[in-house]
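Chemist: Quick one: the structure is below, and I'll ask about it shortly.
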Amino acid sequence: MDSLLTDNELGFKKDVRDFVKKELVPHVDEWESRNEYAREAVGKFADYGLFGILVPAEYGGLGGTTMEFLIASIEIARASVSLASIFGAPTGIFTDAVLKYGTEEQRRRYIPPAISGETIVCFAITEPAAGSDAANMSTTATKDGDEWVINGAKTFITAGDVGDIVLVFATVDRSLKAKGITAFFVEKGTPGFTAGKAEDLLGLHASSAAELFFKDCRVPSSALLGEAGKGLRIALGSLDLGRLHCAGQAIGLADAALEATLTYTADREQFGRPIGNFQGVRWMLADMSVQLDAARLLAYRAARMADAGKRYSTEAAKAKLFAAEMAADLARKAVQLHGGYGCTKDMAVERYYRDAKLIEIYEGTNEIHREVIARSLRS
Ligand SMILES: Cc1cc2nc3c(=O)[nH]c(=O)nc-3n(C[C@H](O)[C@H](O)[C@H](O)COP(=O)(O)OP(=O)(O)OC[C@H]3O[C@@H](n4cnc5c(N)ncnc54)[C@H](O)[C@@H]3O)c2cc1C
């Protein structure tokens, strides 16, 4: 699969892999065991410049490509999907939205601190009663003179409990449905804005997802991103990148699961020989390798299309859907081939199995992705 990458991309991949091995891998077990957002990782990503992969040099970034973003997502997820999720918002969806739709002042205010790790940023769409049906959100923003007054709640917001800046989506008129949705920056410390405690999740134990509350929370007009009523377009546009990032998380996790399983099945002996020599096991390993390659191809295609300036919403949805299901299945097989030991916390495959399930849910469930893809077949 490396033959599909250029020499520069291969060099970048090696650099990121070395960084992950040196700076993240030694801490992963401790960070995952704490079951809270691993702030330490933010400094490491920032110091290495990784948050700025997609940011032009004039805002302090590396001016890199979507393929490099995907490669980094995969390499980080090989160590931990939690850490890949910490890497995602400042590098992907948040920054992408600000770069595409922000004023020059907003870009200068929010991007440099996000990629230097000075601020932790969040992207808040989901509500307690509006998940897949995001357009049906009930958080409102009402204009009052030169200010907007936000009321409502968001849920499952990555880094919500520790975030400094939230890009929050609210409706300026519920009767307009999708056409009322508008995006606002809300900064920590703004009166009326509070964060709840992080959820106790099945997986992603070195990241966090929390509720956010807005009660008569006033923000200035300058906090509006893009135009009033155009928020859904902003959200969906940036979610293409988010979905590609999720595909990368799934591919990295599955790659690590396959590697661990190859090692284990070569070492573990039953009936007088390594279990990896039994045909039933060898065929499972072969299937896992094919599944992984197929997911990688779909993700590479979407990244190449993005870098060519083409629309890649459907391709990103296909990559996310296939990779998420692939990772869940592959992690299940990895645990199976580790037997009883695979069900213990001593084995990384136990974590892969839990984390893989979450990728099938966030940034659009498998079912919603099937809907998105099905709609594209008719257009
Ligand atoms: C770890 C984690 C991190 C997250 N981070 C963020 C974040 O940073 N920002 C943010 O805004 N959100 C975030 N989310 C929320 C996530 O995007 C939502 O959980 C997801 O979109 C699903 O919404 P829901 O949980 O309300 O499920 P629901 O929408 O209630 O869905 C429940 C089930 O019904 C199915 N379903 C719903 N509608 C249909 C349909 N039309 N056809 C078929 N099946 C359907 C779904 O596929 C699912 O299986 C995060 C979630 C998690 C778990």
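The values are calculated or read from the model by the stated rules, or taken from the named source; none is laboratory data. Note that the structure is a prediction, hence the values are computed from the model and not measured. All Cβ positions, glycine included, derive from the backbone under ideal geometry; neighbour counts span all protein chains shown.
Chemist: Run G145 past the list (1) of a type in the set (G, A, S); (2) without any contact (Cβ under 8 Å) to a residue 40 or more places away in the chain; (3) within 16 Å of the ligand (Cβ to nearest atom) and report the number of the one that doesn't hold.
Modeler: Of the numbered conditions (1) of a type in the set (G, A, S); (2) without any contact (Cβ under 8 Å) to a residue 40 or more places away in the chain; (3) within 16 Å of the ligand (Cβ to nearest atom), the odd one out for G145 is (3).
Chemist: Across the range 148-174, which residue is farthest from the chain's Cα centre (by Cα) among those that are of a type in the set (S, T, N, Q) and within 14 Å of the ligand (Cβ to nearest atom)?
Modeler: The qualifying residue farthest from the chain's Cα centre (by Cα) is T155.
Chemist: Let me ask another. Exactly one condition in (1) buried (at least 23 other Cβ atoms within 10 Å of the Cβ); (2) in contact with a helix residue (DSSP H, G or I) (Cβ under 7 Å, 6 or more places away or on another chain) is not met by K13; state its number.
Modeler: Result: K13 fails condition (1) only.
Chemist: Another question about this same structure. Could you list all residues from the range 35-59 that are within 21 Å of Q106 (Cβ to Cβ) and either surrounded by 23 or more Cβ atoms within 10 Å (Cβ to Cβ) or in contact (Cβ under 8 Å) with a residue 24 or more places away in the chain (or both)?
Modeler: To start, the set of residues in the range 35-59 that are within 21 Å of Q106 (Cβ to Cβ) comprises 46, 51-59.
Hits for the range 35-59 are A46, F51, G52, I53, L54, V55, P56, Y59.
Chemist: What pairs can you find where one residue is in the range 119-135 and closer than 15 Å to A195 by Cβ and touching a residue at least 40 places away in the same chain (Cβ under 8 Å), the other is assigned to a strand (DSSP E or B) and within 6 Å of the ligand (Cβ to nearest atom), and their Cβ atoms are less than 6 Å apart, with a gap of 6+ or different chains?
Modeler: From residues that are closer than 15 Å to A195 by Cβ and touching a residue at least 40 places away in the same chain (Cβ under 8 Å), the pairs are C122/I157; A124/I157.
Chemist: Taking only the range 212-268 into account, find how many residues are without any contact (Cβ under 8 Å) to a residue 40 or more places away in the chain and of a type in the set (A, V, I, L, M, F, W, C).
Modeler: Total satisfying the criteria: 2.
Chemist: Still on this structure, I have one more. Of the residues that make up the range 126-145, is at least one over 26 Å from the mean Cα position of the chain (by Cα), buried (at least 23 other Cβ atoms within 10 Å of the Cβ) and not β-branched (V, I, T)?
Modeler: Within the range 126-145, one or more residues are over 26 Å from the mean Cα position of the chain (by Cα), buried (at least 23 other Cβ atoms within 10 Å of the Cβ) and not β-branched (V, I, T).
Chemist: For the range 346-372, which residues satisfy the criterion of being within 8 Å of the ligand (Cβ to nearest atom) and either touching a strand residue (DSSP E or B) at 6+ places or on another chain (Cβ under 8 Å) or in a loop (DSSP other than H, G, I, E, B) (or both)?
Modeler: I361, Y362, E363, G364, T365
Chemist: Specify which of the listed residues (G242, G192, G248, G203) is under 22 Å from I120 (Cβ atoms), within 16 Å of the ligand (Cβ to nearest atom) and not assigned by TED's automatic domain parsing to the domain that holds Q336.
Modeler: Result of the check over G242, G192, G248, G203: G203.
Chemist: Determine whether the range 320-336 contains at least one residue that is within 16 Å of the ligand (Cβ to nearest atom), among the charged types (D, E, K, R) and farther than 18 Å from D29 by Cβ.
Modeler: yes
Chemist: Kindly indicate which of A286, A254 is in a helix (DSSP H, G or I) and touching a helix residue (DSSP H, G or I) at 6+ places or on another chain (Cβ under 7 Å).
Modeler: Just one listed residue meets the conditions, A254.
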